[in-house]
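Nothing in this text is a laboratory measurement; each read-out follows from the coordinates by a stated rule. Predicted model, so just to flag it, every value in this text is computed and none were measured. FYI the Cβ positions are ideal-geometry reconstructions off the backbone, even for glycines, and counts take in every protein chain you see.
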Amino acid sequence: MTERCDLLITNVHAATMDPSIPGAYGAVEDAAVAVTGGKIVWLGPRKELPDCAPDESLDGEGQWLTPGLIDCHTHLVYGGHRASEFARRLGGESYEEVARSGGGILSTVRSTRAASAEQLYAAAEPRLRALMAEGVTTVEIKSGYGLDLDTELKQLRTARRLGRHHPVDITTTCLAAHALPPEYDGRPDEYIDLVCEEILPAVAREQLADAVDMFCESIAFSVEQCQRVIDCAKKLDLPVKVHAEQLARTGAAAMAARASALSVDHIEYITDVDVAAMAESGTVAVLLPGAFYTLRETRVPPVQKLRASGVSMALSTDLNPGSCPIASLRLMMNMGCNLFGLTPAEALAGVTRSAARALGLCCSRGVLRPGLRADMVLWPMDTPDQLAYEVGALKPAQSFFAGKTVGG
Ligand code: NIG
Ligand code: FE
């Protein structure tokens, strides 16, 4: 009997990113892909395609199909902007100096507290759309510009609402331990009490977060304070991620690895010991070249060491108003190669397979494989190397979110 399917794509090359298929991209040339119920049900060489009666057929015209891109670290729901701080930094002030003078994250906290939920939504939507226009089908969004219960909830609810109204999957992360709010000046441990005793339990009760994050740095929280946040997240059954070793080595990455964190992010200053701990725990290294570039950082993360140790490397925008106001994951792929020494195939793995792992979602997406969600992008290119090489003109011919065409 002929099998029916919702959608059949033929005359296409698939960069599956599936590590069980040989080659850097796990490529299947002249492939066919069948989709039913939002999932890939068959993928392989077209010649081997079993008899199939599709409701809809698509001629891929010899283009390349990749997994939908995943931006696994963003702060895209926030009020205001920090253009004046950009000018100050160009004039020679450092990110830390701006932060210590009450600017930086705290400046965005003031604008985010003052914004209504509607205003936050309206400001965030174009940022999300810019990512989606590049083939992004999953976006993680953090809170962390509220630093009080109501505003943290407002940010997370706004993130969830963006997901309900767009053909994209939004995962949310509570980053209440992002900076010390002014009302707790000089009392960081008491603020951590608030995070652990009120904010995280309320967020968990409303099921508003898929993970918990924290900023472990001299301008934010200590390793001991972050350990308390990790312990609290564990009690609430929420996985953790850590902003670690961005400006200096603190020991945060090793602490995160000991706690089996999903990811440690930034990590310009990690050491060999930290890399070994991450390899042991399977913690993903999330590289954020846009923040490195914007802050004119000079120390690069130890990519060769991470590669040699078998640590998965994800790439993300870090989209935020301070260290990376850049809504382009494709540009991050290019920067990951040019600034950090990734190969183009590592860059694509970084925004697909490894980004899914950084979110704890590798069972459902990040590669093209039967059984996984049909989040896919069709690209008018001759080779997947072009995705990291070209910026600006190469756009998706078509994106699919759970098997449905986006914007079609
Ligand atoms: O990932 N490092 C901390 N948080 C953000 C920056 C936030 C901001 O400057 O507003 C980051 O770089
Ligand atoms: Fe960040």
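Here are the numbers for the structure shown:
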{"item": "Simple Cβ-charge dipole of the chain, Lys/Arg +1 and Asp/Glu -1, about Cα centre, in debye nearest 20", "result": "220"}
{"item": "Reachable lysines, given that their alpha-carbon falls under 20 Å from the alpha-carbon of residue 39 and they are not under 8 places away in the same chain", "result": "404"}
{"item": "Where a label projected 7 Å from the Cα of residue 133 along Cα→Cβ would reach, residues of segment 313-348 with amide N under 12 Å", "result": "327-328"}
{"item": "Set of lysines with alpha-carbon distance to residue 154 below 16 Å, sequence-local pairs under 8 removed", "result": "142"}
{"item": "Cα gyration tensor, segment 280-339 - rounded (a/c under 1.5), prolate or oblate", "result": "prolate"}
{"item": "Distance-filtered residues of segment 1-28 - backbone nitrogen under 19 Å, label point 7 angstrom along residue 51 Cα→Cβ", "result": "1-8"}
{"item": "Antiparallel %, DSSP beta bridges [both residues in the chain], to 5", "result": "40"}
{"item": "Zone of residue 183's modelled label, taken as backbone nitrogen in segment 113-145 under 14 Å from a point 7 Å along Cα→Cβ", "result": "113-114"}
{"item": "FRET efficiency, 1/(1 + (r/R0)^6) with R0 35 Å, evaluated for residue 165 and residue 224 via beta carbons", "result": "0.30"}
{"item": "Residue order, fewest to most surrounding Cβ atoms within 10 angstrom, among 195, 28", "result": "28, 195"}
{"item": "Inter-site label distance for residue 190 and residue 382 at 7 Å from Cα along Cβ, in nm", "result": "6.6"}
{"item": "Global geometry of segment 82-191, whether rounded, prolate or oblate, following the gyration tensor of its Cα atoms and the 1.5 cut on a/c", "result": "oblate"}
{"item": "Mean separation of Cα contacts under 8 Å (6+ apart) over length of the chain, as relative contact order %", "result": "19"}
{"item": "Residues of type aspartates and glutamates that residue 234 reaches as a straight line, Cα spacing below 16 Å, ignoring anything fewer than 8 places off in the same chain", "result": "193, 197, 198, 210, 213, 224"}
{"item": "Of every Cα-Cα pair in the chain, the percent that sits beyond 41 Å", "result": "13"}
{"item": "Over segment 252-291, volume per residue of the alpha carbon convex hull, in Å³", "result": "57"}
{"item": "Shape category assigned to segment 172-252 from the gyration tensor of Cα positions, a/c cut at 1.5", "result": "oblate"}
{"item": "For segment 3-84, share of DSSP beta bridges that run antiparallel, in % to the nearest 5", "result": "55"}
{"item": "Estimated FRET transfer efficiency (residue 236, residue 363; beta-carbon r; R0 22 Å; 0.05)", "result": "0.55"}
{"item": "Coordinate range along principal axes, alpha carbons of segment 35-84, Å, largest first", "result": "61, 25, 18"}
{"item": "For segment 308-357, alpha-carbon Rg and Dmax in angstrom", "result": "11.0, 34"}
{"item": "Choice from 67, 289, 22 with maximal GNM fluctuation in the chain (Cα, 10 Å cutoff)", "result": "22"}
{"item": "Dipole magnitude (debye, nearest 20) for segment 359-408, charges at Cβ of Lys, Arg, Asp, Glu", "result": "320"}
{"item": "Over segment 290-408, relative contact order from alpha-carbon pairs under 8 Å, at least 6 apart, %", "result": "21"}
{"item": "Pair-distance profile P(r), taking every C-alpha pair of segment 198-350, with 5 angstrom steps and integer %", "result": "2, 10, 19, 21, 20, 16, 8, 3, 0"}
{"item": "Selected from 129, 258, 205 as most flexible by GNM, with the chain as the system and alpha-carbon contacts under 10 Å", "result": "205"}
